[in-house]
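The values are calculated or read from the model by the stated rules, or taken from the named source; none is laboratory data. This structure is a prediction, so every number in the text was calculated from the model and none was measured. Cβ sites come from the backbone with ideal geometry, for glycine too, and all protein chains shown count toward neighbours.
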Ligand SMILES: [Zn+2]
Ligand SMILES: [Zn+2]
């Protein structure tokens, strides 16, 4: 994922480092869907943003998502990688679906 300059700026702030640490202390176990579903107990080492910080455009909006306690999720390194891979494949799937729909609309209209 290409990292936005504002994103990099925010992720390197003292404020984020502190918040991240607080989150991991408050929730030291991975709280991803898969671990919850399988009752798996593994320690979290990273903090994931549930609503991606890069899904918004202005720095004010990014800041709001970045530092929103309720938008944070403690995850293990492995689960974090999986979550992002899934997010990416979902986006790709949605794009393909949207394209298929558009093609269908074209067919309905012109053929
Ligand atoms: Zn997990
Ligand atoms: Zn993440």
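A compact table of results
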{"quantity": "Residue match in region 60-68 (condition: over 17 Å from the mean Cα position of the chain (by Cα) and away from ligand 1 (no atom under 16 Å from the Cβ))", "calculated": "yes"}
{"quantity": "Failed criterion for residue 24 (all others in (1) closer than 21 Å to residue 86 by Cβ; (2) within 16 Å of ligand 1 (Cβ to nearest atom) hold)", "calculated": "(1)"}
{"quantity": "Residue among 44, 81, 26 that is surrounded by fewer than 12 Cβ atoms within 10 Å (Cβ to Cβ) and over 21 Å from residue 9 (Cα atoms)", "calculated": "26"}
{"quantity": "Flag if residue 84 is within 10 Å of the chain's Cα centre (by Cα), in a helix (DSSP H, G or I) and at pLDDT 95 or above", "calculated": "no"}
{"quantity": "The one condition in (1) out of contact with any helix residue (DSSP H, G or I) (no Cβ under 6 Å at 6 or more places or on another chain); (2) in contact (Cβ under 8 Å) with a residue 40 or more places away in the chain; (3) within 12 Å of ligand 1 (Cβ to nearest atom) that residue 30 fails to fulfil", "calculated": "(1)"}
{"quantity": "Failed item in (1) in a helix (DSSP H, G or I); (2) surrounded by 10 or more Cβ atoms within 10 Å (Cβ to Cβ); (3) modelled with pLDDT of 95 or more, with residue 74 passing the rest", "calculated": "(1)"}
